[in-house]
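The values are calculated or read from the model by the stated rules, or taken from the named source; none is laboratory data. Keep in mind the model is a prediction, meaning the values are calculated, not measured. Here the Cβ positions follow ideal geometry from the backbone for every residue, glycine too, while neighbour counts run over all protein chains shown. Note: accessible area is taken over every heavy atom of the protein model, side chains too, but ligands, DNA and RNA are not part of it. Shrake-Rupley method; radii C 1.70, N 1.55, O 1.52, S 1.80 Å.
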Amino acid sequence: MPHRKQSGLSGKQKASLLLTCTLVGSLLTGCANQGSTTESVSTPQGTSEGKISFKYWSPLNPNAAAVVKNLGEVEMYKELEKRTGVHADFSHPPQGNEKEQFNLLIASKDLPDLMEYNWLAYPGGPEKAINDKVIIKLNDLVDKFAPNLKKYLNDNPQVAKQVKTDSGTMYVIPSLGIGKVNTFSGPLVRKDWLDELGLAVPETLDEWTKVLREFKSKKGVAAPYTTYIDKADANKTNDFIAGAFGIGRDFYLDNGKVKYGPLEPAYKEYLQFLRSWYKEGLIDPDFGANDKKTIDAKMTSGKSGAVFGFAGSSIGVYLKGGSEKDPKYDLAAAQYPVLKKGDQPSFVNKQVAYRPDGSVAVSASNKHPEEAVKWLDYMFSEEGHMLESFGVEGQTYKLENGYPKYTDLILKNPDKLAISLALTKFTRANYPSPGFVNDDRYLEQFYELKQQKESIQVWGKFENNADKVKMPLGYAMLMLLTFHNDSNKVDVNWYSTDKNQLFRERNQFTLEMDYVKNDVEAPETTAVITPSQPDGTNGWYVHPVTVSLDAYDNLSGVSGIEYSYDGGNTWLAYSAPVTVSLDGNYVLAYRSKDQAGNLEATKTTSFKLDATAPEVAVTGVVYGSHSDAGDIAPVVILKDNLSGVADSKTQATLDGMPYQPGESMELYELPLGTHTLVVNGSDLAGNTGSQAVVFQTYASIEGLKKLVTRFAASEWIDNGGIANSLQKKLEHGELQSFIHEVNAQSGKHIDVEAAGYLLRDAQALFLK
C-alpha cells in the first residue's frame, strides 16, 4: 500500500496535536505494507563470557503443540543456533492458561530474557509495561543493532507506526506480515448441499435465512449455523453477521468518526435478527457450550452446514473429515453478508502488517539486550526469513528457478503429518513469529486445495473496505480529529476505556487552529494479478486472469482509477476487478487521479494468456476401412498461433501402444477389425490438444492375392510354383484348398509368420 502523505500542519496545529498525544494512551495507526528483506545479516557471536543463552517464554501454538513439546525441538531453531551461536531455552505455559500464566510470571518478578506475547493486552498498554520495568524500550537498540528491521521500518513508515506507541516508543521486535493475502477467514457453507437443493452461495442475510431454512427442513440439520462464545472475550466470537447492519461489535470507524457498536441503534436490530434465527432453530442451540472441537465435529459429521472458518485449519479439516463420511462433501466460501444485493461488506476480518501475538519484547532482566536484538534481527534478513518460512535448503525446500519449493518432507510427509503440522515441526511459517511471515510463496503451497485458494479470493475481494472501519491496534484512550475544509475548526472526539478495554465515556469539544490545505502529490495505484503466478508453463497463463486495481490518497482522496489496453490511447474507467479471458500478450496501463486534480504517472503490468489448445491434425490415414494388404504412414500436423508448439511433447498411440508418427506401417501386421490412433500435442503454454482416428482393417480375396505376391517378392514364399498354386486357388475361390496348402507348406516353403497372416485372412473369409 502506498505511503501516507503529510498534511503540512502549521506550528499552532502541531502544538494542538502534541496536546492530543498526551490524551491518547497507546493509539497505533497504519496499514499493512509489503516490503523486502535486506541483504544485511547481523548475528550475535557470543560474549566474552562465552556462548549466549536466552530464556525465551512463549505460548505454544496449537499446531506446534501437536508435534513438539518445546520450540527448541523445531528444526528451524536448531539450525538458527548453528548459524548464530545463540541458544534459546524455551518455556511454554499450559495450553488454555496462557493469560493466567503470563500474569503470574509478571507478578513473580522472575522474568525470562525474551517474552513473546501480545503486549497490547498488557494492563495499561506497552508504555505501562516499560514503566513497570517489565520490558525495555527498544528504539536505540533497533537503531544500532537491527539493520534489517531498521531498514524495513524506514522504508515502510506506516508499518513503523503500527509497532510503536503513539509517543513513538518501540516495545517489541515484531512479527510482520508481508504477503498480498491478508484475509484468511470468513463464512463457510456446505456447497454440496447448496448444489443438491439448487441454491446459490448466499450473499445477503435474506439469502442466508433461506439457505439455513432449507438445510433444516430438507437436510434435517439440527444446527444449520453453528458458532460459539469466547469465554474470555465475547468480541472474539466467530460471528460474521453484525457487519451486515453497518456496525462493529466493538469500537469502529463510521465516515471518519469513532463509534461503539453496542450503543448504536443498529446493534438492537442485529440482536433481534440473531434472536429470530435462534427462535426458528437456525442457530446451534448449544452455541453457549461449544468450543472449536465440537464445532469441527458438527461440520464434519453433517450436523451443521454453515460456520465461520479459516482457509487453512477449517477447510482442510472439514473436507478431510467430511469426505470420509460423505464422498460428495464440499465447501464454499461466502462473502461477508450484506443487507441489500450488490452492497459491499466492510467489516471484513483483514489483518494488518503487525501481528502482536508473534512479537517479542526484551525483558528488563535481560543482561545482553544488544545481543538479543541482533539475534532477533537475523529473522528480518533474507537468510533468516527463508529459514523461518521454508526451513533448511535441501531438507524442507529446494530452489526451482529461484522459487522455494517445499520438499515431500512437508508436502507429503513420511509420518503422514498434514502440511500445517509438518511446517510447525520444521519452521514457523504458518503462525505469527518474530520476523517476516505470511510469504506469498508459502501460502501458494500451503493452500493446496482448490476450496482453500478460492476462499481467500472470496473473503478478500472487499478486504480494502475494512480500512475504512477498522480501529487502530491497541488503545487505552482513542481520539479522532475531524478537520473542517472551509474553516480553522477541528472537532475532537475521544473515547476512554478501562484497563480491560471496556467502553466508559465519550467526550466532544472543538479546537481552533491554523490549517493549511496543500495537496500536490498524486495518488498511488497498485495492481494485483490473480493468480499471482502463471498457471501454465514458460510464463503463460492458461486460465482467465483477473487484474485488481487499488488507489490510495491520504489527503484529498482518490477521484477515480482508469486503465488502458492500447498503450494509453484509450482509457477506461475502473470500477471492479477486470477479468481477461481472450488469448494474447497484454500490457495493461493504469493510473489514478485525486480530488485535487493530481494525476498519477502511468504504470503498467503485463501478462501472457494462452487458454487455447493447439490444433492437432493427422494425415496419411483416414476414418473408414482399409485392406490389410496395404500400408499407412500417418503424419501429425500441430498448429498454435500464440505460444507455439512444443514438438518434443507430441505423443501418439495405436491401440494403446506407443507409435512414432511418420513411420510406414504394414496393415497385415494388425489384427483384423477396429483400430484407434490417438495423437496428443502440447503448446509452450502447457495446453494440450488431441486427435483420434478410428479405422478398420479387413480381409478380401484380392487382398490375399496381394499378400501372396508380396510374400513371394520378400522370399517369405521361396517357391514360385507354390506361389502360383496359391494364386490359382484364390482365383477359383477355393479357400479350403488354399488353407490346406498353406498349412502343409508352413515352415517349409512358406515362412511361419507369413503363413499365420494368410491363414488368418483365409479363415476369416471362409467363415463368412
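On a 1.4 Å probe surface of the protein chains, which of 307, 587 comes out largest in accessible area, and what is the full order?
Details: 307 0, 587 85 Å².
Per-residue accessible area, sorted high to low, gives 587, 307.
Using θ = phi - 60° and the Karplus relation 6.51 cos²θ - 1.76 cosθ + 1.60, list the HN-Hα couplings for region 602-609 in order, rounded to whole Hz, with x at every Gly or Pro.
Running phi through 6.51 cos²θ - 1.76 cosθ + 1.60 with θ = phi - 60° gives 4, 10, 9, 9, 10, 6, 10, 10 Hz.
Order the following by accessible area, largest value first: 750, 637, 229. Probe radius 1.4 Å; ligands, DNA and RNA are ignored.
On the way: 750 0, 637 90, 229 65 Å².
From most accessible down to least: 637, 229, 750.
Does region 380-463 come out rounded, prolate or oblate, given a ≥ b ≥ c as the square roots of the eigenvalues of its C-alpha gyration tensor, rounded meaning a/c under 1.5 and, failing that, prolate meaning a/b above b/c?
oblate
For region 308-375, just say rounded, prolate or oblate: build the C-alpha gyration tensor, square-root its eigenvalues into a ≥ b ≥ c, call rounded for a/c under 1.5, and beyond that prolate if a/b exceeds b/c, oblate if not.
oblate
Please list, in chain and number order, the residues 5+ apart from residue 621 or on another chain whose amide H is under 5 Å from its amide H, with Hs placed from the backbone.
Those qualifying (amide H under 5 Å, at least 5 residues apart or on another chain) are 635.
In cubic angstrom, how much convex hull volume per residue do the alpha carbon atoms of region 172-317 span? If you can, show how the numbers build up before the last one.
Numbers: hull volume 23.8 nm³, N = 146.
Expressed per residue, the convex hull around the Cα atoms of region 172-317 is 163 Å³.
List the aspartates and glutamates whose Cα lies under 19 Å from the Cα of residue 593, skipping any in the same chain that are fewer than 8 positions away.
Cα-Cα hits under 19 Å: 519, 521, 524, 550, 553, 562.
Hey, if we sort 323, 359 by accessible area with the 1.4 Å probe, largest down, what's the order?
If we order 323, 359 from most to least accessible, we get 323, 359.
Please compute the net charge surrounding residue 284, taking Lys and Arg as +1 and Asp and Glu as -1 over other residues with Cβ under 9 Å from its Cβ. All intermediate terms of the calculation are to be shown ahead of the outcome.
Values: positive: 298, 303; negative: 286.
Net of charged neighbours comes to +1.
For percent of Cα pairs over 37 Å apart, which listed value, (1) 64; (2) 47; (3) 56, comes from the coordinates shown?
(3)
Is there a quick way to get the dipole size of the chain? I mean about its Cα centre, with the Cβ of Lys and Arg at +1 and of Asp and Glu at -1; what is the value in debye to the nearest 20?
2420 debye
Check which residues have an amide H placed less than 5 Å from residue 626's amide H, if you skip close sequence neighbours.
696, 697, 698
Going through the cross-link list 257/450; 293/416; 180/292; 341/405; 150/259; 191/340, which pairs have a Cα-Cα distance over 32 Å in this structure?
Values: 257/450 40 Å; 293/416 21 Å; 180/292 28 Å; 341/405 42 Å; 150/259 35 Å; 191/340 22 Å.
As for pairs spanning more than 32 Å Cα to Cα, those are 257/450; 341/405; 150/259.
Per-residue HN-Hα couplings for region 107-114, Karplus 6.51 cos²θ - 1.76 cosθ + 1.60 at θ = phi - 60°, whole Hz, x for Gly and Pro?
Working through the residues one at a time gives 5, 6, 6, 8, 8, x, 6, 10 Hz.
Pull out a ≥ b ≥ c, the square roots of the eigenvalues of the alpha-carbon gyration tensor of region 248-386, then state rounded if a/c is under 1.5, prolate if not and a/b is larger than b/c, and oblate in the remaining case.
Cα axes put region 248-386 in the oblate bin.
If we count every other residue with Cβ under 14 angstrom of residue 79's Cβ, Lys/Arg +1 and Asp/Glu -1, where does the sum land?
Values: positive: 78, 82, 83, 425, 428; negative: 73, 75, 81, 383, 388, 393.
In short, -1.
What number comes out for accessible area per residue over the chain if the probe is 1.4 Å? Units Å², please.
Accessible area per residue, the chain: 47 Å².
In deg cm²/dmol, rounded to 500, what helix-only [θ] at 222 nm does the chain give when every DSSP H run of at least 4 residues adds -39500 (n - 2.57) and the total is split over its residues? Don't skip to the answer; put the middle values down first.
Working: 24 runs with 230 residues, N = 768.
Only helices count here, giving -8500 deg cm²/dmol.
So for the chain: antiparallel DSSP bridges make up what percent, rounded to the nearest 5?
Rounded to the nearest five, the antiparallel share is 80 percent.
If you average the sequence gap of Cα pairs under 8 Å that are 6 or more apart and divide by the length of the chain, what percent do you get for the contact order?
Relative contact order, the chain: 14 percent.
Heavy atoms only, probe 1.4 Å: what % of the accessible area of the chain goes to carbon and sulfur, would you let me know?
That fraction is 50 percent.
So which aspartates and glutamates can residue 320 reach, going by Cα to Cα under 15 Å and dropping same-chain residues fewer than 8 places off?
The qualifying aspartates and glutamates are 192, 296, 330, 448.
So how tilted is helix 205-218 from the main axis of the chain? Cα-based, degrees 0 to 90, rounded to 10.
60 degrees
Say the dipole of region 705-768 comes from +1 at the beta carbon of Lys and Arg and -1 at that of Asp and Glu; which of 739, 717, 755 then lies farthest toward its positive end?
Selected residue: 739.
Residue by residue through region 455-463, which ³J(HN,Hα) values in whole Hz follow from phi under the Karplus form 6.51 cos²θ - 1.76 cosθ + 1.60 (θ = phi - 60°), with glycine and proline marked x?
Once θ is set to phi - 60°, the couplings for region 455-463 become 5, 5, 6, 5, 5, x, 4, 10, 5 Hz.
Helix 292-301: angle to the longest alpha-carbon principal axis of the chain, degrees 0 to 90, nearest 10?
Roughly 30 degrees, rounded to the nearest 10.
Which value, in Å² and to the nearest 10, is the accessible area of residue 400 when all protein chains are kept and the probe is 1.4 Å?
110 Å²
For helix 265-280, what angle does its Cα long axis make with the longest principal axis of the chain, in degrees from 0 to 90 and rounded to 10?
It is inclined by approximately 50 degrees.
Straight-line reach only, C-alpha to C-alpha below 27 angstrom: list the lysines that residue 144 could link to, leaving out same-chain residues fewer than 8 apart.
51, 55, 78, 82, 128, 133, 161, 164, 367, 374
Taking the mean number of other Cβ atoms within 10 Å as a proxy for protection, how do you rank 86-92, 58-64 from highest to lowest?
Ranking, from highest mean packing down: 58-64, 86-92.
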